[in-house]
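Engineer: Below is the structure I would like to discuss, written out as structure tokens.
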Amino acid sequence: QVQLVESGGGLVQAGGSLRLSCAASGRTFRTSSIGWFRQAPGKERDFVSVITWGGGTYYADSVKGRFTTSRDNGKNTVYLQMMNLKPEDTAVYYCAVYLGGGYYYTANYKSWGQGTQVTVSS
């Protein structure tokens, strides 16, 4: 069973960058695909990106070209590098273990972390 903890959030000006980390415990991390989601106040939790156990990546259109997800299996960590941040990127960011099926659906993930707040000021 994989447990996940997010970190790295904070306050940044528009155009700035942040790198989020998703640290995992558990023996199955290396064979787990990990997704990133975000949830703004009053809105649903939206898909951001996923990285497969083999290193393949997929992104939501809203972040494509600005965000990059990567993994370091030696450190049991997945990263989300966010560049050219916009105020509309403000949200709590979560990582979770992908179970299969469509990437966009929260029901296809488990073992959610507690989230980390990202605030982008204009």
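The values are calculated or read from the model by the stated rules, or taken from the named source; none is laboratory data. Everything numeric here is computed off the predicted structure, so don't read it as measured data. Cβ coordinates were reconstructed from backbone atoms using ideal geometry, including for glycine residues, and neighbour counts include every protein chain displayed. Accessible surface areas use protein heavy atoms only, side chains included; no ligands, DNA or RNA. Shrake-Rupley method; radii C 1.70, N 1.55, O 1.52, S 1.80 Å.
Engineer: Ranked highest first by average number of other Cβ atoms within 10 Å, how do 32-39, 7-14 line up?
Structural biologist: Final packing ranking: 32-39, 7-14.
Engineer: Next question, about the same structure. Per residue, how much accessible surface does the chain expose to a 1.4 Å probe? Answer in Å², no decimals.
Structural biologist: Accessible area per residue, the chain: 51 Å².
Engineer: Would you mind estimating how fast the stretch 1-121 diffuses translationally, via Stokes-Einstein at 37 °C and 0.692 mPa s with the Kirkwood radius over Cα pairs, in µm²/s?
Structural biologist: 234
Engineer: Something else: By a straight-distance test (C-alpha under 19 Å), which aspartates and glutamates pair with residue 86 as possible cross-link partners, with residues fewer than eight away in the same chain excluded?
Structural biologist: By straight Cα distance, residue 86 reaches 44, 46, 61.
Engineer: Within the stretch 37-67, what residues put their amide N at less than 16 Å from the label point 7 Å along the Cα-to-Cβ vector of residue 117?
Structural biologist: 39-43
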